[in-house]
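I have placed the structure first, in the form of structure tokens, so that the comments after it can refer back to it.
The values are calculated or read from the model by the stated rules, or taken from the named source; none is laboratory data. Just so it is clear, the model here is predicted, and its values are computed rather than measured. Methodologically, a virtual Cβ is constructed for each residue, glycine included, from the backbone with ideal geometry; neighbour enumeration extends over all protein chains shown. The accessibility values were calculated without ligands, DNA or RNA, using every heavy atom of the protein model including side chains. Shrake-Rupley method; radii C 1.70, N 1.55, O 1.52, S 1.80 Å.
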Amino acid sequence: MKNHSFGSPVRESGSVTVELTVIIAFIIVPLVAVAYYLTNFFWQYTVAQKVLHDATLYMSVAPLSEIKSQGAVQVARYIISKEAAELTPNTTLDPEIYCGYKVSANSTVIAIRTCNDSATPAVVYISAILTIADPVLFRSSPFSIIIPVTIRYVGT
């Protein structure tokens, strides 16, 4: 027979379940949500950066005649449009394609202009604004980041 005394310990059989629920609701779920959004952002950024790098790489080895006739710019835009299809539907990529020309023969200063000049470009520069709209939490305020890519022109 059990002896029940007035000072016996109180049974706490459900307290662990309540503590676990509080921990999951207020600590683990927000951490998982933040990790998801950061992962999504960095994945979108990496894809966009690779797209711009591929287009800039093509432009850096394109023949000078194609650069002057804007054919290389059209091919670079085609590369960007095809590879940017991997981005999520609520993400936009707005690229600008430029060439950098030396100001003078002995100068190290480079002027960025459109790629239709009569001179040979020193660098090819593509920058884009990556706009990511969050479909769940921040629908009304998408965030944007500028991605610049510069590669030295190696064509003749």
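Per-structure values
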item	result
Kyte-Doolittle at least 0.0, axis length at least 30 Å by Cα - qualifying DSSP helices, the chain	29-61
Å² per residue, accessible surface of the stretch 7-143 at 1.4 Å	63
Protection proxy ranking of 65-75, 82-92, 118-128, 103-113 - average other beta-carbon atoms within 10 Å, highest first	118-128, 65-75, 82-92, 103-113
The chain - Rg over Rh from alpha carbon coordinates, Kirkwood radius	1.43
Accessible-area composition of the chain, carbon plus sulfur, in percent [1.4 Å probe]	64
